[in-house]
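Chemist: Quick one: the structure is below, questions incoming.
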Amino acid sequence: MNRAPRALTLTGIGLACLSLAACAQSGTNAATGDYPGKPIELVVGYDAGGPTDIGARMLAQELEDKLDATITVVNKPAANSQVAYTALTQAEPDGYTMAATTFPSAIMTVLDESRGASYERDSFAPVALQVVDPTAVAVAPDSDIKTPKDLVEAAKAEPGKLRATTTGVASNEHFALASLKEVTGADLAPVHFADGGTAATTAFLGGNTEVLLANVSDLQPLADSGKVRIIGVMDAERAESLPDVPTFEESGYDVEISSSRGYSFPAGTPDEVVEEMSTAIGEVMEDPAFQKKMTDAGLAPSYLDADEYATYWDETEKTFGDLFPLVKADD
């Protein structure tokens with residue numbers, strides 16, 4: 001990245017700035033060249049301690065050393081991250097406000113007009129992808145359902161009887177149920193918990209639903225403690241942390257639904273800043289020690305740079321856009 005010339009004297013700057021607008025532009029360029037020159041705020045739209053927050057804090061710690069900067073994680077949990085996205089997109093596009101952008105929330109809060117979002121897709125400047133976390137399906141340890149095939153057959157035999165958790169209407173889990181129904185005809189009754197995964201898990205463990213849908217990273221600790229049995233993962237390949245759990249695809253059902261977690265600046269952030277942050281994240285993600293730290297935390301590393309993440313965003317938006325009518329009809 002080209003840095004602003006440092007040989008300019010105060011007199012030279014004064015002669016160059018023939019108007020207030022020119023001075024403002026000079027200041028912007030200097031700030032870009034010296035980035036980062038002040039603390040960076042990283043907004044997370046979920047509670048502290050969840051997978052998105054954990055991943056963000058792990059990355060922030062490494063980026064502080066990489067960029068010689070202070071990065072403060074600020075949690076703004078509400079409305080499936082809509083509050084956080086609103087704060088991001090209304091922030092000054094100077095590279096000092098970044099947010100965790102998760103799918104499908106960053107997509108669905110835009111596509112679902114009933115949410116009244118003040119932002120749109122073009123309000124975000126994608127920086128980098130960090131995690132792709134497939135959806136997994138779990139049942140009670142003593143359940144007769146042991147495989148994806150068992151689940152499909154049980155749901156088709158008694159449509160609507162099996163209750164399955166979601167973290168809200170048009171959530172990742174809701175899309176997973178809609179996709180499963182479209183592909184297999186299996187009709188599970190979604191039970192929405194808008195307060196998030198903790199409420200859904202509590203309800204499941206209390207016997208209020210028969211099926212628990214969640215990200216692999218959320219279900220892993222429950223499986224390790226013997227509280228659930230994970231019967232399948234909705235991805236093309238088995239999860240590294242669950243090598244013995246089959247995918248729905250290998251069971252004959254073409255169902256792939258994942259959530260993902262990346263980072264964005266507000267639209268209008270200088271390209272040089274986006275590139276510098278994207279490159280720094282990539283260098284952190286390439287470190288084997290950091291990859292191990294992520295996998296130990298149940299997070300699946302999956303880096304994409306700014307351009308690749310933007311393309312992935314557009315492709316994922318199309319996928320969820322195609323499924324949205326099914327979700328609305330199921331609500």
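The values are calculated or read from the model by the stated rules, or taken from the named source; none is laboratory data. The structure presented is a predicted model; accordingly, all values stated were derived computationally and were not measured. Backbone-built Cβ (ideal geometry, glycine too); neighbour counts: all protein chains shown. Ligands, DNA and RNA are excluded from the accessible area calculation, which covers all protein heavy atoms including side chains. Shrake-Rupley method; radii C 1.70, N 1.55, O 1.52, S 1.80 Å.
Chemist: Identify the single condition in (1) among the small types (Gly, Ala, Ser); (2) open to solvent by 10 Å² or more (accessible area, probe 1.4 Å); (3) touching a residue at least 24 places away in the same chain (Cβ under 8 Å); (4) more than 20 Å from Glu315 (Cβ to Cβ) that Ala125 does not satisfy, given that it satisfies every other one.
Modeler: Of the numbered conditions (1) among the small types (Gly, Ala, Ser); (2) open to solvent by 10 Å² or more (accessible area, probe 1.4 Å); (3) touching a residue at least 24 places away in the same chain (Cβ under 8 Å); (4) more than 20 Å from Glu315 (Cβ to Cβ), the odd one out for Ala125 is (4).
Chemist: With the requirement that a residue be within 29 Å of the chain's Cα centre (by Cα) and open to solvent by 60 Å² or more (accessible area, probe 1.4 Å), what does region 150-177 give you?
Modeler: Arg163, Val169
Chemist: Could you say whether any residue in region 112-119 is more than 19 Å from Asp218 (Cβ to Cβ), open to solvent by 30 Å² or more (accessible area, probe 1.4 Å), free of Cβ contacts under 8 Å to residues at least 12 places away in the same chain and not in a loop (DSSP other than H, G, I, E, B)?
Modeler: yes
Chemist: For region 170-262, which fully contained helices (runs of 4 or more DSSP H) count at least 2 residues that are closer than 20 Å to Glu315 by Cα?
Modeler: Helices (runs of 4 or more DSSP H) meeting the threshold: 172-184.
Chemist: Could you please let me know if Ser143 is farther than 21 Å from Ser259 by Cα, of a type in the set (S, T, N, Q) and either open to solvent by 30 Å² or more (accessible area, probe 1.4 Å) or in contact (Cβ under 8 Å) with a residue 40 or more places away in the chain (or both)?
Modeler: Spelling it out, Ser143 is indeed farther than 21 Å from Ser259 by Cα, of a type in the set (S, T, N, Q) and either open to solvent by 30 Å² or more (accessible area, probe 1.4 Å) or in contact (Cβ under 8 Å) with a residue 40 or more places away in the chain (or both).
Chemist: Please enumerate the residues belonging to region 213-243 that are at pLDDT below 95, of a type in the set (D, E, K, R) and over 18 Å from the mean Cα position of the chain (by Cα).
Modeler: Asp224, Glu237, Arg238, Glu240
Chemist: Please list, ordered by first then second residue, the pairs with beta carbon atoms under 9 Å, 6 or more apart or interchain, first in region 67-94 and closer than 16 Å to Pro39 by Cβ and open to solvent by less than 30 Å² (accessible area, probe 1.4 Å), second basic (Lys, Arg) and part of a loop (DSSP other than H, G, I, E, B).
Modeler: Partner pairs satisfying both residue conditions: Ala69/Lys38.
Chemist: Which pairs do you get when a residue that is within 21 Å of Thr86 (Cβ to Cβ) and modelled with pLDDT of 95 or more, found in region 266-279, comes within reach of a residue that is open to solvent by less than 10 Å² (accessible area, probe 1.4 Å) and assigned to a helix (DSSP H, G or I), reach meaning Cβ atoms under 7 angstrom, with the pair 6+ apart or on two chains?
Modeler: If the second residue must be open to solvent by less than 10 Å² (accessible area, probe 1.4 Å) and assigned to a helix (DSSP H, G or I), the pairs left are Pro266/Leu88.
Chemist: If we keep just the residues of region 8-48 that are within 24 Å of Ala99 (Cβ to Cβ), among the small types (Gly, Ala, Ser) and open to solvent by 40 Å² or more (accessible area, probe 1.4 Å), which is modelled with the lowest pLDDT?
Modeler: Among residues in region 8-48 that are within 24 Å of Ala99 (Cβ to Cβ), among the small types (Gly, Ala, Ser) and open to solvent by 40 Å² or more (accessible area, probe 1.4 Å), the one modelled with the lowest pLDDT is Ala31.
One line per residue, one yes/no per condition, for (1) open to solvent by less than 50 Å² (accessible area, probe 1.4 Å); (2) not hydrophobic (A, V, I, L, M, F, W, C):
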| residue | (1), (2) |
| --- | --- |
| Phe265 | yes, no |
| Thr269 | yes, yes |
| Ala280 | yes, no |
| Val284 | yes, no |
| Ala300 | yes, no |
| Glu308 | no, yes |
| Asp314 | no, yes |
| Asp322 | no, yes |
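Chemist: Within the group Val137, Val191, which residue is open to solvent by 20 Å² or more (accessible area, probe 1.4 Å), at pLDDT 95 or above and closer than 24 Å to Gly50 by Cβ?
Modeler: When all the criteria are applied, what remains is Val191.
Chemist: Out of all the residues in region 49-63, which are open to solvent by 30 Å² or more (accessible area, probe 1.4 Å), over 15 Å from Phe103 (Cα atoms) and either touching a residue at least 60 places away in the same chain (Cβ under 8 Å) or in a helix (DSSP H, G or I) (or both)?
Modeler: Those that are open to solvent by 30 Å² or more (accessible area, probe 1.4 Å), over 15 Å from Phe103 (Cα atoms) and either touching a residue at least 60 places away in the same chain (Cβ under 8 Å) or in a helix (DSSP H, G or I) (or both): Ile54, Arg57, Gln61, Glu62.
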